[in-house]
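I have placed the structure first, in the form of C-alpha cells, so that the comments after it can refer back to it.
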Amino acid sequence: MGDPAKAETWIRAIERIFKFLRCTDQERLSCVIYQLTGSAEFWWESKQRTISREQLDALTWETFKEELYDKYIPRSYRKAKEAEFYNLNQGRMKMTEYDRALCDMSRYAPDQVNTDEKMAEKICVGLRHEIRMALAARGRLSYAESLSRALDVEEAMPREKTTTPTTPTPPTPQQNFREKRKWDGNRGSFDNKRFQGTPNFARGKGKQATPYQGGEYRQRAPPCTNCQKNRLGECRIGTNACYKCGGVGHFAKVCPSNNNAGYKEAT
C-alpha cells in the first residue's frame, strides 16, 4: 500500500464489505489485520509493541482506520486533494467528466458539500462561463436540476471542430517523371533564351565569328581577292617582297625581324 490512492481504494472497498455484513468492531479488526501483508503487516506488528495491552483491547475500527490513513494516506496528501477540489472547474471537460471529478474528490472536503445546496453551488461555480450564465437565469436550483440544465445547455452549444493532421502522400513514379520533364523543359527554355541574339559561331552554327577572346567576339578577316585566304592588309604573294616585313632582297624565313628559327613561310 505504498500508493495513497491505492491504499484509500483498498480501505474503502473492505469497509463496504464490513457494512454489508454488519460486522462488529472486533470482527472488523480481526478481518483487516488478517488482510495485512508485506510492509503493512510489519508496520502493525511494530505498532502493537508501542501501545499498552489496555489500549489494544479498547481499539475500535474507527481508531484503527485513522491509524491506517495517517500511515498510508498522509494528511499532506489529503490537504493537497482538498485544495484541488476547492479549485476544481470544468475547463475543457465535458459536463459528465466534470460531474464525475466533482463527486470523486468531494470526499476530501466533506464539509464543503455536506448539503445539496452547497453541492449545487459548487458545481455552478466551476462551470464554463457560457453555461454558468445560462443557469444563472434559472434562479436557485438543486444539484440534480443544475446538472440537468447544464447538460442541456452543453448539448445545444456548437461543437468544437477538431482537425486531424494528415500525412502527405508521397508522389508516384509517374508524377516524379512528369515533374522532371517539366523541369527539363523549363531549363531548356531558359538555356535557349541565354543564347538568343549571340553570334552563330557561339551556338555552333557557321563561321561568321571567331572564338571568344578578350571578353568579346571578333569578326574574322575577309578573304583576299588575290590568294583567297582570309587576311587583313596587303597581299604579298606573287611579289618579290618579304612575306614577313615587306622588305626586298630576302625571304621571310631569313627575315632580320624574324626571331623564331622555326618560322615557316605561309604559302
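Nothing in this text is a laboratory measurement; each read-out follows from the coordinates by a stated rule. Only a predicted model underlies this, so the values are computations on that prediction, with no experimental measurement involved. Backbone-built Cβ (ideal geometry, glycine too); neighbour counts: all protein chains shown.
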request  = Work out, step by step, the length gained on full extension between residue 148 and residue 231: first 0.36 nm times the residue separation, then minus their alpha carbon distance; give nm to one decimal.
outcome  = 19.0 nm
message = Give the separation of the Cα centroids, region 87-151 to region 1-72, in Å.
response = 34
ask   = Which pairs, out of 94/122; 65/94; 47/79; 81/118, put more than 27 Å between their alpha-carbon atoms?
value = 65/94
query = Counting other C-beta atoms within 10 Å, which of 42, 18, 85 has the fewest, and how do the rest follow?
reply = 42, 18, 85
ask   = FRET efficiency for residue 58 and residue 27, Cβ-Cβ distance as r, R0 = 22 Å, nearest 0.05?
value = 0.85
message = Just to be sure I follow: if Rg is taken over the C-alpha atoms of region 67-119 and Rh is the Kirkwood radius over the same atoms, what is Rg/Rh?
response = 1.03
query = Taking 1 over the mean of 1/r across every pair of different Cα atoms in region 217-261, what Kirkwood radius in Å do you get?
reply = 12.0
message = For residue 253, give me every one of the aspartates and glutamates with a C-alpha distance below 17 angstrom, ignoring sequence neighbours fewer than eight places off in its own chain.
response = 265
